[in-house]
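Just so it is clear, none of the values below were taken in a lab; they were calculated from the coordinates. Because the structure is a prediction, the values reported are computed rather than measured. Quick reminder, even Gly has a Cβ in these numbers, built from the backbone with ideal geometry, and neighbours come from all protein chains shown.
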Amino acid sequence: MAEDTAVSTDPYATEQETTSGKVFTVTGQDWDSIVDGIDVDSDERIVVNMGPQHPSTHGVLRLILELDGETVTECRCGIGYLHTGIEKNMEFRNWTQGVTFCTRMDYLAPFYNETAYVLAVEKLLGITDQVPEKAEVVRVLLMELNRISSHMVAIATGGMEIGALTVMTIGFRDRELILDLFELITGLRMNHGFIRPGGIAQDTPPGALDKIREVTAVIGKRLQEYADLCNANPIFKARLVDVGYLDLAACLALGATGPLLRATGYPWDLRKSQPYCGYEQYDFDVICWDTADAYGRFRIRLAEMAESLKIVEQCTARLHGLEGAPVMVADKKIAWPSQLAVGPDGLGNSLDHIRHIMGESMEALIHHFKLVTEGFRVPAGQAYASVESPRGELSCHAVSDGGTRPYRAHFRDPSFVNLQTVPAMSEGGLLADVIVAVASIDPVMGGVDR
Amino acid sequence: MSDESTPEASDAVSEKTTPGPLKPKGGSETEGTTSPVRDDVVDAALVPTAEVPAPRRDLEVVDVRRGMFGAEGAGDTSGYGGLVKRVAMPGATPRPYGGWFDEVADRLDDALDTADVSAAVERVVVDRGELTFVVARDRLVGVVQALRDDPALRFEFLSGVSGVHFPAETGAELHAVYHLLSMTHNRRIRLEVTCPDADPHIPSVVAVYPTADWHERETYDFFGIVFDGHPALTRIEMPDDWPGHPQRKDYPLGGIPVEYKGATIPPPDERRAYH
């Protein structure tokens with residue numbers, strides 16, 4: 001397409017002189033205008049701003065790349081484009097409302113955000129042991145379903161970014177099945193706000209367990225499709241094998257966890273090493289790979305989905321024996337009203353609860369009003385809780401001043417930390433491999449920027 | 001959670017209900033406090049636990065707040081204007097700390113120069129099954145170096161750095177909190193370092209833990225703590241030319257009043273609050 005007229009009339013690929021040199025704006029399909037504009041004999045380095053609006057940077061990630069030909073000599077990440085002040089906002093809501101905010105951080109793994117926060121709050125309250133068994137089982141169930149849906153997006157978008165569109169379509173197709181389950185259980189596909197300090201918002205609806213069985217059976221079969229499409233695919237392997245190499249020492253120094261760390265062969269998984277929510281009662285394996293590259297991370301994600309299915313099956317089996325069991329802590333000073341039903345107006349109310357507080361007991365009304373408007377107080381101190389999210393260690397540092405609102409809630413998001421490894425993975429490699437390296441980290445910018 | 005990691009868990013409840021002598025730090029504000037102190041709901045409803053002497057526990061008073069809902073002065077018939085609330089964080093814990101906590105503390109004492117220990121570790125706090133070392137800022141790098149390199153400690157993994165702002169804690173308004181993980185021994189500890197708002201400098205630990213790079217940039221961005229020795233301490237989340245540090249308590253949340261059916265709802269940071 002490199003007609004001279006095309007260059008001069010293209011409004012986007014313009015060239016301008018700035019104090020820092022010649023600057024081009026390119027939007028794709030117009031690389032010729034740059035090639036024409038650069039003096040081939042000059043040894044000036046080219047600095048490419050990839051993103052923040054680029055389809056292959058996994059969201060609003062900006063990569064600043066210094067290129068020598070197609071080789072990346074230096075790489076820096078620019079983040080902050082999705083900063084929404086979630087941690088600051090949480091300081092102005094009560095402890096229960098905090099869940100509604102933090103679930104929006106890593107939007108592909110909302111249940112992990114909620115659980116990390118809720119575990120920290122429960123530790124502050126000293127009620128970790130009083131959380132009912134059923135609430136813990138449902139938390140594990142939702143988290144493991146969430147791990148599958150998150151890994152599916154990781155594989156799907158990673159495939160799309162290297163041009164494997166079929167992987168993308170089947171990934172999103174299967175993720176939809178899991179989102180349907182979330183909708184059935186929590187009412188929402190994402191941003192659930194379902195896990196609450198003391199338990200969960202409500203019991204599983206009738207028929208949910210059968211539906212989960214159906215979906216897991218389908219997904220169990222379809223996981224084989226991913227393996228058939230990708231595992232031995234020569235193009236797929238050519239793009240992924242030995243790309244984005246990061247060994248164990250580098251992972252520890254840079255704080256990388258999750259599939260990155262396990263791809264070095266080190267079986268570190270908080271579900272096994274520091275169990276929470278009763279993970280020690282489930283039978284599953286920690287998946288490792290020993291190549292420390294993007295291909296290993298892909299294989300780990302694929303195998304982890306199968307392990308998650310195993311845990312989901314164990315959860316549904318346990319839930320059959322927990323029919324009607326409580327899902328919220330017994331302490332009425334902490335337990336927010338739960339067991340809501342969808343009313344004729346479409347809003348989630350519990351008619352029994354309303355009848356009780358409006359018609360039967362003045363004290364219950366006062367108590368309800370105090371709990372919902374004021375919230376509960378959390379004794380002063382600080383606590384740290386970690387969960388193994390699909391991307392690695394997700395932790396919450398919660399500080400209380402004894403009041404009804406979090407004094408400070410800080411999240412150690414694995415995407416944020418793992419993104420620091422991009423320069424180590426991609427400097428010295430080819431530009432095209434940067435895409436694969438970033439995809440193998442699977443950063444979610446909502447979690448990075450919070 | 002395994003037993004090993006929560007050696008204090010069984011004591012936690014009784015401890016909280018028997019606060020030891022308060023150590024006011026805030027200066028003159030706490031001196032004349034004779035009105036009933038409303039610590040929080042849990043404490044207000046206590047039964048004295050005379051039978052079982054819980055371990056003596058100092059509290060760190062970080063703030064004293066008065067009044068609620070803006071009820072102050074002559075017109076206040078609600079009583080809310082007279083409320084006094086003392087914000088006290090768990091203070092120094094006497095030995096033994098329990099479980100592996102003593103082992104780590106002993107080993108850290110050995111690893112540091114003996115003359116240095118009391119100067120380096122100002123306070124050890126065991127609370128809710130977690131071990132916290134409050135470290136003097138000028139000794140921080142030496143302490144993390146020892147924690148990382150000593151084979152019996154081997155905290156090879158820095159999980160994160162988080163900032164906390166206590167505007168009323170004069171001389172130690174800004175806290176940087178480091179969460180260390182030892183994968184070798186499967187242990188977690190916390191380091192807390194404070195610095196005054198007037199001199200917000202803390203040495204950087206990037207040389208020991210490269211992962212601290214972005215964490216320290218984030219804490220600088222949100223709290224204005226300057227990590228001396230950081231290779232490139234720039235803002236990370238906020239735009240480079242942003243004024244102020246948004247997570248400080250004196251930085252407003254922002255927002256506008258919203259009108260709905262004739263009533264006006266103020267933005268979240270201006271609504272009445274139970275504090």
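Each of the peptides A:140-148, B:176-184 was scored by the mean count of other Cβ atoms within 10 Å over its residues; in descending order, highest first, they stand as A:140-148, B:176-184. From other protein chains only, count the Cβ atoms within 10 Å of every residue's Cβ in A:250-258, then give the mean. Other-chain Cβ atoms within 10 Å of each residue's Cβ, averaged: 5. Ellipticity at 222 nm from helices only: DSSP H runs of n ≥ 4 in chain A, each -39500 (n - 2.57), divided by the residue count, give -13000 deg cm²/dmol.
Let me know the shape class of region A:60-105, please: from the alpha-carbon gyration tensor, a ≥ b ≥ c as square roots of the eigenvalues, rounded when a/c is under 1.5, otherwise prolate if a/b is greater than b/c, or oblate.
Values: a/c = 6.22, a/b = 4.70, b/c = 1.32.
It is prolate, given that a/c is not under 1.5 and a/b is the larger ratio.
Within the straight-line cut-off of under 19 Å between alpha carbons, the lysines reachable from A:K333 are A:K123, A:K370, B:K16, sequence neighbours fewer than 8 places apart in one chain being disregarded. Return the single residue from A:E176, A:E225, A:E363 with maximal mean-square fluctuation; model: Gaussian network over chain A, springs between Cα atoms under 10 Å. Residue with maximal mean-square fluctuation among A:E176, A:E225, A:E363: A:E363. Taking every residue in B:242-248 and counting other chain Cβ atoms within 10 Å of its Cβ, the average works out to 2. Amide H contacts of B:V226 (H built 1.01 Å from N, in plane; Pro and chain starts excluded): B:H201, B:I202 sit under 5 Å, all sequence-distant by 5 or more or on other chains. Bridging of A:K221 to lysines at a Cα separation below 20 Å is possible for A:K211, A:K310, once same-chain residues fewer than 8 apart are set aside. If a/c stays under 1.5 just call it rounded; otherwise compare a/b with b/c (prolate if a/b is bigger, oblate if not). Do that for region B:125-214, with a ≥ b ≥ c from the square roots of the Cα gyration tensor eigenvalues. Cα axes put region B:125-214 in the prolate bin. Residue-wise HN-Hα couplings along region B:196-208, as the Karplus relation 6.51 cos²θ - 1.76 cosθ + 1.60 with θ = phi - 60° gives them from phi, are x, 4, 6, 9, x, 10, 9, x, 7, 9, 4, 5, 8 Hz; Gly and Pro carry x.
At 24 Å minimum axial length over the Cα atoms and a Kyte-Doolittle cut of 0.5, report the qualifying DSSP H helices in chain A, or say none. Please report the intermediate quantities before stating the final value.
Details: long enough: A:133-161 (42 Å, 0.40); A:165-186 (31 Å, 0.85); A:208-226 (27 Å, -0.24); A:294-320 (39 Å, -0.12).
For chain A, where a helix must reach 24 Å along its axis and average at least 0.5, the hits are A:165-186.
The mean count of C-beta atoms from other chains within 10 Å of the C-beta of residues in B:157-167, rounded to a whole number, is 6. If you average the alpha carbon positions of region A:374-449 and of region A:137-208, how far apart do those two centres end up, in angstrom? What the calculation gives is 19 Å, centre to centre. Can you tell me which of A:D129, A:D203, A:D242 moves the most in a GNM of chain A? Springs connect C-alpha atoms under 10 Å apart. Largest GNM mean-square fluctuation: A:D129.
Near A:H367, once Lys and Arg are set to +1 and Asp and Glu to -1 for all other residues with Cβ below 10 Å from its Cβ, the sum equals +2. Backbone phi angles across region B:242-247, fed through the Karplus curve with coefficients 6.51, -1.76 and 1.60 (θ = phi - 60°), yield HN-Hα couplings of 6, x, x, 10, x, 8 Hz in residue order; Gly and Pro are listed as x. Cross-link partners for B:K249 among the lysines, with Cα-Cα distance under 17 Å and sequence neighbours closer than 8 places in the same chain left out: A:K88.
Going by average Cβ neighbours within 10 Å, how do the peptides A:177-189, A:206-218 rank, with the highest at the top? It would help to have the intermediate numbers written out before the result.
Numbers: A:177-189: 17.8, A:206-218: 14.6.
Ranked from most to least packed, the peptides come out as A:177-189, A:206-218.
Charges only on Cβ, +1 for Lys and Arg, -1 for Asp and Glu: so what's the dipole of chain A about the Cα centre, in debye to the nearest 20?
Values: 39 positive and 61 negative charges, 434 e Å.
So the magnitude is around 2080 debye.
Projected label points at A:D210 and A:T25, each 7 Å from Cα along the beta carbon direction, are separated by 5.8 nanometres.
Give the residue from B:H201, B:G229, B:L191 lying farthest towards the positive end of the charge dipole for region B:183-246; charges sit on Cβ (+1 for Lys and Arg, -1 for Asp and Glu) and the dipole is referred to the Cα centre. The one lying farthest along the dipole's positive direction is B:L191.
Computed over region A:64-219, relative contact order equals 23 percent, with contacts defined as Cα pairs under 8 Å that lie 6+ residues apart.
For chain A, the residue among A:Y112, A:A364, A:G159 whose Cα projects farthest onto the positive side of the dipole built from Cβ charges is A:A364.
Taking amide H atoms as placed 1.01 Å from N in the peptide plane, the amide H of B:A88 lies under 5 Å from those of B:V62, each 5 or more residues away in sequence or on another chain. Backbone phi angles across region A:230-241, fed through the Karplus curve with coefficients 6.51, -1.76 and 1.60 (θ = phi - 60°), yield HN-Hα couplings of 10, 3, 10, 5, x, 5, 4, 5, 4, 7, 9, 5 Hz in residue order; Gly and Pro are listed as x. Looking at chain A as a GNM with Cα springs under 10 Å, which of A:N89, A:N233, A:N49 has the largest mean-square fluctuation? Of the options given, A:N233 has the highest mean-square fluctuation. How are the alpha carbon pair distances in chain A distributed across 10 Å bins from zero to the largest one, expressed in percent? Final binned percentages: 4, 19, 27, 23, 14, 8, 4, 1, 0.
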